[in-house]
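Everything on this sheet refers to the single structure shown next.
The values are calculated or read from the model by the stated rules, or taken from the named source; none is laboratory data. These figures come from a predicted structure and were not determined experimentally. Here Cβ is always computed from backbone atoms with ideal geometry, including for glycine, and neighbour counts include all displayed protein chains.
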Amino acid sequence: MGRSRGGLTTKIHAVVDACGLPITLKLTEGQAHDGRSAQDMLGTVGRGDVLVADRAYDSNALRETLTARGAKAAIRAMPNRLKPPRFNRRLYRKRNLVERFFNKLKHFRAVATRYDKRDDNYLASVQLASIRIWMRFNESIA
């Protein structure tokens, strides 16, 4: 996808539910800004939901979109903001669910090493790994 002096670079963006299971996945170039990719991933966020995101996703446009949908934003403000909006620290702690999902995703060799040169093949391997994570969560213990 993205090209740098070190080779191909790719960022994986994910929306996870309250259990840390992936709902929406997206790939972007490594040099692309995170906040620009968030707008088209909000299809599953609705009234009463809370979007917990990293500082890189802090933008007025994203917050306005969430407010229009009836959702709340628990996004820590960028340090260079003059008037940082308030956010709930207790909700922001739930961001570790996304980090734990990415940790589980890195256990799959095809995702961690990124041997695929084409972005559609790489996204398919990320989706397959996500399906495996869903299946592990929903396995019966009986």
Residue under evaluation H33, criteria (1) under 24 Å from I131 (Cβ atoms); (2) out of contact with any strand residue (DSSP E or B) (no Cβ under 8 Å at 6 or more places or on another chain), criterion not met: (1)
Only one residue in L91, L105 is of a type in the set (A, V, I, L, M, F, W, C), on the phi < 0 side of the Ramachandran plot and modelled with pLDDT under 90, so which one is that? L91
Would you check if V126 is buried (at least 16 other Cβ atoms within 10 Å of the Cβ), modelled with pLDDT of 90 or more and under 17 Å from the mean Cα position of the chain (by Cα)? yes
For the range 15-27, pairs from a residue that is in a loop (DSSP other than H, G, I, E, B) to a residue that is hydrophobic (A, V, I, L, M, F, W, C), with Cβ under 7 Å and 6 or more apart or across chains, are D17/I23; C19/F137; G20/L97; G20/F101; L21/I133; L21/W134; L21/F137
Within the range 8-65, residues aliphatic (A, V, I, L, M), touching a Phe, Trp or Tyr at 6+ places or on another chain (Cβ under 7 Å) and within 24 Å of A124 (Cα to Cα) come out as A14, V16, L21, L27, A38
Go through the range 41-142 and tell me which helices (runs of 4 or more DSSP H), entirely inside it, have 3 or more residues that are touching a residue at least 40 places away in the same chain (Cβ under 8 Å) and either of a type in the set (S, T, Y) or within 18 Å of K26 (Cβ to Cβ) (or both). 96-105, 119-137
